[in-house]
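Enquirer: Structure incoming, see below.
Laboratory data are not the source of any read-out in this text; all were calculated from the coordinates shown. Quantities reported herein were computed from a predicted structural model and do not represent experimental measurements. Cβ atoms come from the backbone with ideal geometry, glycine included; neighbour counts cover every protein chain shown.
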Amino acid sequence: MKTPKLSALLCVGVLSGTVYACPLTAESTHDAWLRYAPIEGPARAKYASLPAVVVVLGDSPVLTTAQGELIRSVRSMLGRTLRAEKNLQRENAIVLGTLASIRAVAPEFSPRSPLGEEGFWLTAQDLHGFQCLIVAATTERGVLYGVFTLLGKMAQNADLFSLNEAQRPYAPLRWVDQWDNLDGGIERGYGGRSIFFEDGKVRADLTRVHEYARLLASIGINGCAINNVNANPHVLDDNFLPQLARIAAVFREWGIRVAISVDLSSPKVIGGLDTFDPLDPHLIQWWLEKVDEIYRHIPDFGGFVVKADSEGRPGPSTYGRTPADAANVMARALKPHGGILFYRAFVYDHHLNWQDPKSDRARAAYDIFHPLDGKFDDNVVIQIKHGPIDFQVREPVSPLIGGLQHSNVAMELQITQEYTGQQRHLCFLPSMWKEVLDFDLQLNRNRTAVKDFVSGKVFRRSMGGLVGVANVGMDASWLGHPLAMANLYGFGRLAWNPDLSPKAIAEEWTRLTFGNDPAVVNTISEMQVNSWRIYESYTGPLGLQALTDILGSHYGPGVESSERNGWGQWHRADHEGVGMDRTVATGTGYVGQYSPPVAKMFESLDATPDELLLFFHHVPYAHVLKSGKTVIQDIYDSHYEGAERAADYVPQWKSLKGRVDEQLYLDVLTRLEYQAGHAIVWRDAVSNWFFQTSGIPDAKHRVANYPDRIEAEGMQLQAYSIVDVVPWENASGGKAIECIQSLGCTATFRFSGDAGWYELDVVYFDQNNGESRFRVFVGDQLVDEWTANDTFPSKKIGGDSSTRRRIRGLALRPGDQIRIVGIPDKEERATLDYVEIHSSPE
Ligand code: GCV
């Protein structure tokens, strides 16, 4: 699944009387939603009277960026190069400037409502008798945001000359975090290597950083923490700071402040102290001096992100101190410079006693941070993951978000799809984030949505917002899957305006990324908008969450990996029932961390929504849901429906052939075909596991019943040997066949159906430690061959590496011999699971 370059987006023609834009030159996917394709046809006429001049009132770096962006993008869309001027001319113009600079030339100019620090006003007005398109803002950064909005409107072919639109962001902090390591790897990154670091240094060529900063600024992001929260102390080395300054200089042009994640033990590891006790005076002095040194290199440095006492990271608990003690020491060093200290509330014990029915990882953040409310300095922000566990496909909102009245909070969302398909499965996360942002925490029985806590509105905090863990990489499409960039786009849009609907965001992103062809916009945005629920339905319905291999990749199925260990992601399934009892009455008491009305809802089995039922309650498999189905039948049905809906992406995408760039079309098609196959791996693993554990059969007779399937271990084998797969549910029948003969092995069977056209699915294991080859023959005729050379996240056979090759259009006759030859490579043993044959008359 290699991502091709996006060459010209094809335009097919005329739909509803409109010709859609067709760029003549090859484009780069680096531009993502900022591609600004040429505007052709009737839409172009809308811009015939666009002024020829852009007047920029000021010369700060950010204004210069705004001017450059406008000129570059108008040239790209209209083929015209605007003339840049510094003063109003005696002609129509596009005017960019702060309110102060515009008022200096037009004193009567005034927006109807306050724009705040980062808002902007787009307005078409006469200035000195000439028609002007004005982008005005309080600050230069606001002007830049206004320019991007104006350009986005043009790219979507909107009318500009009746413009009168003011926008201001919902929350002041709109940051992204990158989990980049200094060696160039990215923790939970699926889009290639770091754009910032390589071999322990900042990259010499920062072109991709520049492109990234442009993308981030275009969606209103104003801060970026560039290294892994599992921080390497050497990021603070004296000789590293000038290197960081190079990155900060690139971001500065785009109005983005750079921050870094720091390890709390740095003063000891790199600073020569014998302690990192937050209350030690030497320690306090060390941070003061280190922070001063940073600001000498980076005057607008954003601050620090801290992960401490979490998953093995050092923290204040070493010295019996609290997170507030640790946070405040660093915050005080940052404060005189305007820096912020983000302290992550992802603090929990990963050696929990799983045998204790009262222990519960979900409780940890609230238990630790709520008692400290009011003890954090005012430039500390508590960075809270949206759910109490860890970016699962569905979790309830973290109760800590409503529980810190006297502290600044920011909500952490994960753009990189760690638990949601790792950019190999389509999963549009704004659909989930929107539900989270709108969730009513009912403080004091009033309507108090999550978005109003995180923006700081509810408790009148001056700071607050959203932090998205992005983890883009050097991959041409940034995140590894061309459609995954909708998540980064959607994050920025929701951070700016949480009242936008997922549908509106998906449509906007599609228009900007693929053009305005209605068939393309409707198809892609519909695929996106449905994809989170589809992914949930075949990986973790009913609030089951972590059914993936939580001890390894967090990718494929691994139903039992979360049980009976200290990580606390238990779903407590046994032969009688499933779910975590988190009630106050009989469970862990987690429910009691919510406000009384919310707690009342989750405490009650009847009032808890089905989609979160098993997060809050342990129930028998025969428990009847609000839908009228039993829990067990719902688990079966949702996995089957989910896998079917995932398969349906393929024809949906195929309907766009000829409407999007051919290479991109093929790349996405390959990914969707893979996803359809892997959704079946998930479906079968989870439903067979629950069937075996519960002993309750599927009322629709699908689970463990595969009439079209020929198990590899049941074929006639030459040199292949049968192996058990662990865990058993990750292979059909629990077994596979592997080849250790370097010359290859053969598995043969006879087709026993009627004569006709068929497609053949060969399910095999593609590990990342070898490139086996496969050849498929019908009789003596070679009908397909391929190399298993993808890079799935596993060296073993199992749910991560199980994949499917679909061979279409085979004319089979009864008695035909089908032969698969597997040739192993290195550690990969050309392992086969099964073959399925489906009639396919088309
Ligand atoms: C950066 C999860 C991830 C870790 C990540 C951690 C965190 O546990 O699996 O890779 O560490 O969250 O958010 O700190």
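Enquirer: Please give the contour-minus-distance gain from Glu641 to Ala719: 0.36 nm per residue of separation, less the Cα-Cα distance, rounded to one decimal in nm.
Expert: 24.2 nm
Enquirer: While we're on this one: Multiply the residue separation of Thr275 and Phe130 by 0.36 nm, subtract the distance between their alpha-carbon atoms, and state the gained length in nm to one decimal.
Expert: 45.5 nm
Enquirer: Where Lys and Arg each count +1 and Asp and Glu each count -1, what net charge lies around Pro557 among other residues with Cβ under 13 Å from its Cβ?
Expert: Combined, the nearby Lys, Arg, Asp and Glu give -4.
Enquirer: How far apart, in nm, are two points set 7 Å out from the Cα along the Cα-to-Cβ line at Asn239 and at Asp754?
Expert: That separation, rounded to one decimal, is 7.7 nm.
Enquirer: Where does the charge balance sit around Gly592 when Lys and Arg score +1, Asp and Glu -1, over other residues with C-beta under 14 Å from its C-beta?
Expert: 0
Enquirer: Can you sort His30, His575 by how many other beta carbons sit within 10 Å, fewest first?
Expert: Placing the least packed residue first, the sequence is His575, His30.
Enquirer: Restricting the count to DSSP beta bridges whose residues both fall in the chain, what percent are antiparallel, rounded to a multiple of 5?
Expert: Approximately 60 percent, going by the DSSP bridge assignments.
Enquirer: What whole-number distance in Å separates the alpha-carbon centres of segment 479-552 and segment 238-268?
Expert: 31 Å
Enquirer: Something else: Relative to the compact globular guide of 2.2 N^0.38 Å, what is the alpha carbon radius of gyration of segment 752-834, as a ratio? Before the final figure, lay out each step's value.
Expert: Details: Rg = 13.7 Å, N = 83, 2.2 N^0.38 = 11.8 Å.
The value comes to 1.16.
Enquirer: Further question: I want the antiparallel fraction of DSSP beta bridges within segment 97-231, as a percent rounded to 5. Please report the intermediate quantities before stating the final value.
Expert: Working: 15 of 20 bridges.
Roughly 75 percent of the beta bridges in segment 97-231 run antiparallel, per DSSP.
Enquirer: Are there any trypsin sites (Lys or Arg not before Pro) in segment 350-397 that are in a DSSP loop and have at most 13 other Cβ atoms within 10 Å? List them by number.
Expert: Qualifying residues, ordered by number: Lys358.
Enquirer: Here's another thing I want to ask about it. ³J(HN,Hα) across segment 215-229 via Karplus (A = 6.51, B = -1.76, C = 1.60, θ = phi - 60°), whole Hz, x for Gly/Pro?
Expert: 4, 5, 4, 5, 10, x, 6, 10, x, 8, 8, 9, 10, 4, 5
Enquirer: Taking the square root of 5 times each eigenvalue of the Cα gyration tensor, what semi-axes in Å does the equivalent ellipsoid of segment 576-615 have, largest first?
Expert: 16, 12, 7
Enquirer: How many angstrom lie between the C-alpha centres of segment 765-842 and segment 29-70?
Expert: Using only Cα atoms to place each centre, the spacing works out to 50 Å.
Enquirer: Using just the Cα positions, wrap the chain in a convex hull and report its mean projected area in square nanometres, one decimal place.
Expert: The orientation-averaged projected area of the Cα hull of the chain comes to 36.9 nm².
Enquirer: May I pose another question? Could you put Met527, Met601 in order, starting from the residue whose Cβ has the fewest other Cβ atoms within 10 Å?
Expert: Ordered by Cβ neighbours within 10 Å, fewest first: Met601, Met527.
Enquirer: Okay, moving on. Can you return the lysines within cross-link range of Lys795? Criterion is Cα-Cα under 19 Å, with same-chain partners fewer than 8 residues away left out.
Expert: Lys795 reaches Lys735, Lys826.
Enquirer: What list of ³J(HN,Hα) couplings, whole Hz, do you get for segment 39-44 from phi and the Karplus terms 6.51, -1.76, 1.60, once you set θ to phi - 60° and write x for glycine and proline?
Expert: 3J(HN,Hα) across segment 39-44, in whole Hz: 9, 10, x, x, 4, 5.
Enquirer: Would you pull out the residues with amide H under 5 Å of Asp177's amide H, same chain only if 5 or more places away, H placed 1.01 Å from N?
Expert: Ala225, Gly468, Val469, Ala470
Enquirer: Between rounded, prolate and oblate, where does segment 691-840 land on the alpha carbon gyration tensor, with a ≥ b ≥ c its root eigenvalues, rounded for a/c under 1.5, else prolate if a/b exceeds b/c? Walk me through the numbers before you get to the answer.
Expert: Numbers: a/c = 1.73, a/b = 1.01, b/c = 1.72.
Here segment 691-840 falls in the oblate category.
Enquirer: Starting from segment 647-694, pick out the trypsin sites (Lys or Arg not before Pro) whose DSSP state is loop and whose Cβ has at most 12 other Cβ atoms within 10 Å.
Expert: Hits after loop and neighbour filter: nothing returned.
Enquirer: A further question follows. Would you pull out the residues with amide H under 5 Å of Phe197's amide H, same chain only if 5 or more places away, H placed 1.01 Å from N?
Expert: Those lying under 5 Å, H to H, from Phe197 are Arg203.
Enquirer: Further question on the same structure: For the charge dipole of the chain, defined by +1 on Lys and Arg C-beta atoms and -1 on Asp and Glu C-beta atoms about the Cα centroid, which residue among Leu99, Ala327, Gly152 has the Cα displaced farthest towards the positive pole?
Expert: Of the options given, the answer is Leu99.
Enquirer: Right, another one. Calculate the dipole size of the chain relative to its Cα centre from +1 charges on Lys and Arg beta carbons and -1 charges on Asp and Glu beta carbons; express the result in debye to the nearest 20.
Expert: Here the chain has a charge dipole of around 2000 debye.
Enquirer: Okay, moving on. Of Lys503/Lys600; Lys46/Lys434; Lys335/Lys451, which pairs sit farther than 29 Å apart, going by alpha carbon to alpha carbon?
Expert: Flagged as over cut-off: Lys503/Lys600; Lys46/Lys434.
Enquirer: While we're on this one: For a quick check: sort Arg805, Arg344 by the number of other beta carbons within 10 angstrom, fewest at the front.
Expert: Ranking Arg805, Arg344 by Cβ neighbours within 10 Å, fewest first, gives Arg805, Arg344.
Enquirer: To the nearest 0.05, what FRET efficiency results for Leu625 and His370 with a Förster distance of 35 Å applied to their C-beta separation?
Expert: 0.60
Enquirer: Moving to a separate point now. Ranked from highest to lowest mean number of other Cβ atoms within 10 Å per residue, what is the order of the peptides 764-774, 477-487?
Expert: Going from most to least packed, we get 477-487, 764-774.
Enquirer: Just to confirm my numbers, what's the Cα centroid distance between segment 681-704 and segment 352-424 in Å?
Expert: If you average the Cα positions of each part, the centres end up 33 Å apart.
Enquirer: Shifting gears a bit: Which FRET efficiency, nearest 0.05, do Asn446 and Leu551 yield, Cβ-Cβ r, R0 30 Å?
Expert: Calculated value: 0.10.
Enquirer: Enumerate by residue number the trypsin sites (Lys or Arg not before Pro) in segment 396-479 meeting two conditions: DSSP loop (anything except H, G, I, E, B), and at most 14 other Cβ atoms within 10 Å of the site's Cβ.
Expert: Working: sites: Arg424, Lys434, Arg445, Arg447, Lys451, Lys457, Arg460, Arg461; in loops: Arg424, Arg447, Lys457, Arg460, Arg461.
Passing both the DSSP loop test and the Cβ count: Arg447, Arg460.
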